Amino acid sequence: MAQVKKLPKGFLLGGATAAYQIEGATKEDGRGQNMWDVYLAKQGKYSPDPASDFYHHYPEDIALAKKFGLNAIRLSISWVRLFPKIDGPANEKAVAYYHDLFKTCLDNGITPFVALHHFDSPQEMLEEGDWLNRKNIDRFIKYAKFCFLIFPEIKNWFTINELISLASGQYLGGQFPPNHHFNVSEAIQAEHNMLVAHARAVIAYHDLHLPGRIGCIHALKTGYPNSSRLEDIQACQRYDAYNNRFLLDGTLLGEYQPETMDLLQEVLAANNASLTILPEDLAILKKAAPLNGMFGMNYYRSEFIREYHGESIDQFNSTGEKGTSAFKFKGVGEFVKRTEVPTTDWDWNIYPRGLFDMLMRIKRDYPNAPTIYLTENGMALKEQLNEDYTVDDSRRIDFIDQHLEQVLKARKAGVNIQGYFVWSLQDQFSWANGYNKRYGLFYVDFKTQKRYPKKSAYWFKQLAASIEE
């Protein structure tokens, strides 16, 4: 087993979740329909019921989190549970549920960090263009302000989770509803509009003079040229501009740097795509940037990029059968698998160094960045419960250990990172991957809804005990 590290005083060690992936109960207590409910029902492939049935089992899950030493949890609110009709009144049963959930966390000494949107737009919002329709930005701000005021017990808010993953899933790879493929105009416009939505929510939060913090969460993937060839270096620069710089600029600088936009323009031109930025958008981004009180970074993998000039291709590995994925993005580059870099069953590179490099890059390029939290990091495995009700997930322990090593290394180098949230607290429903992709510290038997601590949970408990007093 990996050697347990000493964690610094005040360090947060948490578990991450998302409402749609854990709550279940999609037809209970007046909840409305989000875009996944309709999309998955049409596919007939996976159902989010029961997921982990957190809606009914949250006292047990929070008790497990406390028992195994966690001092924080990342949750999200289901917009359609709170507002079954997007322009209708709030659902009082949902308000009561979330109040009780948050109280349960706080009573157990676990600090809740709460996201407003985690891949789960209301179906009504999707039908009206989702984030491509600016009317929906106004709706999001109304929803956000309601949450800020009705849940004063929450002092740590995230606006939107993984803007790039949502936009790419919807408009590039097509694994997310509305299932569009390589519509680059839609993807980049959705990202920009979400950045504006985030910024407006940050401004609204501060205008309410509330005593907490707010930020957003980006999924960052460090890019490396596959060779020293100029063409590969340029492909990597375009990849980085699209996947990282555009989002970091918009959030932490409040402006898109000229070099970022020049690189992005190359991508847009290659795809006959366009991006509309209104003058008032830039003023909003600029005003909000210094008001971010924290920054959430999700890190799972890095990519090795080489030049590519063909048509775009995204072969998505949804089964965990190694070697079945491919990604080639016209005007950007091609992802390359390198023999010396191990991968998960879902073809994700295991490359802890990329986490350190990204943290150092933020410190260098965005020196005014607020406190950073690693809000998701973890490893998917195919797992079964042993006859003695145990799960030996030593590979997950090694994965977490190697990435925590990079977090501590970055801290020593001056990066202000103050917490680590493992994805995920318990096994969950995993979007287009269904139930065979397990990430949790706690094994969930989805038929009985019983929870069983994995080997990683016991290791995590030792880790929590190492936090300096």
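The values are calculated or read from the model by the stated rules, or taken from the named source; none is laboratory data. Note that the structure is predicted; figures quoted are calculated from it, not measured. Ideal geometry is used to build each Cβ from the backbone, glycine not excepted, and the neighbour counts take in all protein chains shown. Surface areas here come from the heavy atoms of the whole protein model, side chains and all, with no ligands, DNA or RNA. Shrake-Rupley method; radii C 1.70, N 1.55, O 1.52, S 1.80 Å.
Could you check, for region 280-289, whether at least one of its residues is under 25 Å from PHE421 (Cβ atoms), at pLDDT 95 or above and within 25 Å of the chain's Cα centre (by Cα)? Yes - at least one qualifying residue is present in region 280-289. Checking region 94-103 against the condition returns no match, with no residue being modelled with pLDDT of 95 or more, under 18 Å from the mean Cα position of the chain (by Cα) and either within 19 Å of ARG451 (Cβ to Cβ) or part of a helix (DSSP H, G or I) (or both). Residues to consider are GLY24, GLY14, GLY30, GLY44; find the one that is farther than 30 Å from ALA465 by Cα and crowded, with 20+ Cβ neighbours inside 10 Å. None of the others qualify; the one that does is GLY24.
Residue by residue through region 283-299, note down the ones that are in contact with a Pro (Cβ under 7 Å, 6 or more places away or on another chain) and surrounded by fewer than 19 Cβ atoms within 10 Å (Cβ to Cβ). Of everything in region 283-299, just one residue is in contact with a Pro (Cβ under 7 Å, 6 or more places away or on another chain) and surrounded by fewer than 19 Cβ atoms within 10 Å (Cβ to Cβ), namely GLY293.
Within region 28-46, the residues that satisfy the criterion of being in a loop (DSSP other than H, G, I, E, B) and modelled with pLDDT under 95 are GLY44, LYS45, TYR46. Cβ-Cβ distances below 8 Å connect the following pairs, each with a first residue in region 248-277 that is without any contact (Cβ under 8 Å) to a residue 60 or more places away in the chain and open to solvent by less than 70 Å² (accessible area, probe 1.4 Å), a second residue that is assigned to a loop (DSSP other than H, G, I, E, B) and among the acidic types (Asp, Glu), and a separation of six or more residues or different chains: ASP249/GLU255. Among the residues making up region 336-366, a single one is part of a loop (DSSP other than H, G, I, E, B) and within 16 Å of ASN244 (Cα to Cα): TYR366. With the structure loaded, tell me whether TYR239 is in contact with a strand residue (DSSP E or B) (Cβ under 6 Å, 6 or more places away or on another chain) and either touching a residue at least 60 places away in the same chain (Cβ under 8 Å) or not polar (S, T, N, Q) (or both) or whether it fails that test. Yes: the conditions hold for TYR239. For region 68-121, taking the residues that are of a type in the set (Lys, Arg) and open to solvent by 10 Å² or more (accessible area, probe 1.4 Å), the one that is farthest from ALA190 (Cα to Cα) is identified as LYS103.
To keep it simple, each residue is scored yes or no on (1) of a type in the set (S, T, N, Q); (2) at pLDDT below 95; (3) under 18 Å from PRO370 (Cβ atoms).
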position: GLY174; (1), (2), (3): no, yes, no
position: HIS180; (1), (2), (3): no, no, no
position: HIS206; (1), (2), (3): no, no, yes
position: SER228; (1), (2), (3): yes, no, no
position: CYS236; (1), (2), (3): no, no, no
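Within region 10-27, the set of residues being part of a loop (DSSP other than H, G, I, E, B) and under 22 Å from TYR452 (Cα atoms) comprises THR17, ALA18, GLU23, GLY24, ALA25. Taking the criterion of being part of a loop (DSSP other than H, G, I, E, B), open to solvent by less than 20 Å² (accessible area, probe 1.4 Å) and out of contact with any Phe, Trp or Tyr (no Cβ under 6 Å at 6 or more places or on another chain), the only residue of region 47-67 that qualifies is SER52.
Scanning region 418-461 for residues that are more than 21 Å from GLY320 (Cα to Cα), modelled with pLDDT of 95 or more and either assigned to a loop (DSSP other than H, G, I, E, B) or open to solvent by 20 Å² or more (accessible area, probe 1.4 Å) (or both) gives GLN418, THR448, GLN449, LYS450, ARG451, TYR452, PRO453, LYS455, TYR458, LYS461.
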